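This report concerns only the one structure given below.
The values are calculated or read from the model by the stated rules, or taken from the named source; none is laboratory data. Owing to the predicted nature of the structure, the values given are computational and were not obtained by experimental measurement. Positions of Cβ are generated from backbone atoms using ideal geometry, with glycine treated the same way; all protein chains shown enter the neighbour counts. What goes into the accessible areas is simple: the full protein's heavy atoms, side chains included, and nothing from ligands, DNA or RNA. Shrake-Rupley method; radii C 1.70, N 1.55, O 1.52, S 1.80 Å.
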Amino acid sequence: MTFKTIRNIDVKNKRVLLRADLNVPAKDGVVTDTTRIDRLKPTIDALTAAGAKVIVLSHFGRPKGVTPELSLRFLVPALEKSWGHDVDFADDCIGASVEKIIADLQAGEILLLENVRFHAGEEKNDPAFTAALAKLGDIYVNDAFSAAHRAHSSTEGLAHHLPTAAGLLMEAELNALNAALESPERPVAAIVGGAKISTKLELLGNLVEKADLLILGGGMANTFLHAMGVDMKKSLCEHDMAEQAREIIEKAVDRRCDLILPVDGVWATAFAANAEHGTCDMESIPDGTMILDVGPASVDMLKKRLLDVKTIVWNGPLGAFEVEPFDAGTVALAKFVADHTDLGTFISVAGGGDTVAALEHAGVTDNFTYISTAGGAFLEWMEGKTLPGVAALSANKKAA
């Protein structure tokens, strides 16, 4: 796809409506993870340096009407600290009072508007609400890939009203994702973990079409093993999804995608830290136990298989990484991928909430080629779906 970025447009003295995703983790009015805020800094720096009047739009949570505890006002100190700029705040995101504040905004200044979801028109992509937002700006910049799977006023509608460009974070996301699955260096390996295949059927169906190697771990691997006749004992397993698992196996064979399952696992008597545990072949799981991680033989096998690939896409942990010692498989493979990415062997792209948490736990988030902070948007992209916010970037034909 083709789209403009802020590198291609003149923003001097222009009112730039910047759609960011500031839906960040917070507790007791304090931001607990500034990753999404920090990743916006290059776009903020570029726009302010170019003399734009930056007007930031975002949602936070799922309010039903005006909900004071979901106001964006508390974000101002975190934004100022991360971005190194003063940030003003408006108590609404549309209307005469906001228009007056924006009229006084000077080049290089930043204004954060109130939660766009305080208005029902945002999630409905209501034309009247979209028009009210569009009235505030001269140019629309979307830098919120993590919200691009929503066809809302501030993520999709504005692109039909104003000249539109991608921010630097959106550009980086799209370039990384394109390099991973749309036009990758082959062979491509997809690593998919997590609890259930029922939530990732479309994802698996798309990956067997696009990947050369599909590596499964976590609870979903248990379901595939069960579908192949393995007694998984007390392991997390979707017994009612066996037929769908077999269909994916058959599709992988047809598409010449090599589907790889664990050959051994770490069993435990309970899902608890340091519960009685051991290692076994998948064909010999002890009675009364559950598999909570891939075993060392599986990790060694995967390392050998991955040495033949060029591109790795990762979504989901290989085991119950939150509880020691059942993090060992995920950590070992993550460090292997990170080390070989540093050596230039792999292009590695990862995304999804649990995935990012697992890679942070392994201490490798700075060593992958790209890690997306998007959850639903990353998953829908991996499923092969068109993301409304991204499609709108390409569809916009207005001159900037």
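Legend: P(r) of region 15-170 from all alpha carbon pair distances, 10 Å bins from 0, whole percents, reading 12, 46, 38, 5.
Comparing SER153, CYS257, SER284 along the charge dipole axis of the chain, the residue lying farthest to the positive side is SER153, per the Cβ-charge model. Between 0 and 90 degrees, the angle of helix 218-227 with respect to the longest Cα principal axis of the chain falls at about 50 degrees. Give the shape of region 184-383 as rounded, prolate or oblate, defined through the alpha-carbon gyration tensor: a ≥ b ≥ c are the square roots of its eigenvalues, a/c under 1.5 means rounded, and otherwise the shape is prolate if a/b is larger than b/c and oblate if not. Since a/c reaches 1.5 but b/c is at least a/b, the shape of region 184-383 is classed as oblate. Largest first, the three principal axis extents of the alpha carbons in region 249-357 are 41, 32, 23 Å in whole numbers. Cross-link reach is defined here as a Cα-Cα straight distance under 18 Å, omitting same-chain residues fewer than 8 places apart; for LYS4 the lysines meeting it are LYS12, LYS14, LYS397, LYS398. Note on LYS124 and ASP45: the extension gain reaches 25.3 nm, defined as 0.36 nm multiplied by sequence separation minus the Cα-Cα distance.
In the chain, the longest principal axis of the Cα atoms and the axis of helix 353-362 are about 70 degrees apart. Here the dipole of the chain is about 1300 debye; that uses its Cα centre as origin and unit charges on the Cβ of Lys and Arg (positive) and Asp and Glu (negative). With an 8 Å Cα cut-off and a minimum separation of 6 or more residues, compute the relative contact order for the chain in percent. Contact order relative to length: 16 percent.
Ligands, DNA and RNA are left out, and with a 1.4 angstrom probe the accessible area of the chain is 41 Å² per residue. For the pair GLU247 and ALA26 in one chain, pulling the backbone fully straight at 0.36 nm per residue adds 75.4 nm over the alpha carbon distance. Spatially close Lys pairs in region 122-277, defined by Cα atoms under 16 Å apart and a spacing of eight or more places or different chains, total 4. Centroid-to-centroid, using Cα positions, region 37-101 and region 288-322 are 41 Å apart. Give me the percent of the accessible area of the chain that comes from carbon and sulfur atoms, probe 1.4 Å, all protein chains in place. Carbon with sulfur: 50 percent of the solvent-accessible area. With respect to the chain, whose longest principal axis is taken over its alpha-carbon atoms, helix 201-210 is tilted by about 80°. Sequence-ordered 3J(HN,Hα) estimates for region 148-162 from the Karplus curve with 6.51, -1.76 and 1.60 and θ = phi - 60° stand at 6, 7, 9, 8, 9, 4, 7, 9, 9, x, 4, 5, 8, 10, 10 Hz, glycine and proline given as x.
At 0.36 nm per residue, minus the direct Cα-Cα distance, what do ASP88 and LYS64 gain on full extension? Give it in nm, one decimal, please.
Length difference between fully extended and current span is 6.2 nm.
Ranking ILE215, PRO25, THR330 by how far each Cα lies toward the positive end of the dipole of the chain (charges on Cβ) leaves PRO25 at the top. For the chain, the spread of Cα positions along the three principal axes, ordered from largest to smallest, is 72, 42, 39 Å. Of all aspartates and glutamates in the structure, those lying under 16 Å Cα to Cα from LYS27, and not within fewer than 8 positions of it along the same chain, are GLU69. Spacing of the modelled spin labels on THR2 and ALA272, each 7 Å from Cα toward Cβ, amounts to 6.3 nm.
Computed per residue of the chain from DSSP H runs no shorter than four, each worth -39500 (n - 2.57), the mean residue ellipticity at 222 nm is -9500 deg cm²/dmol.
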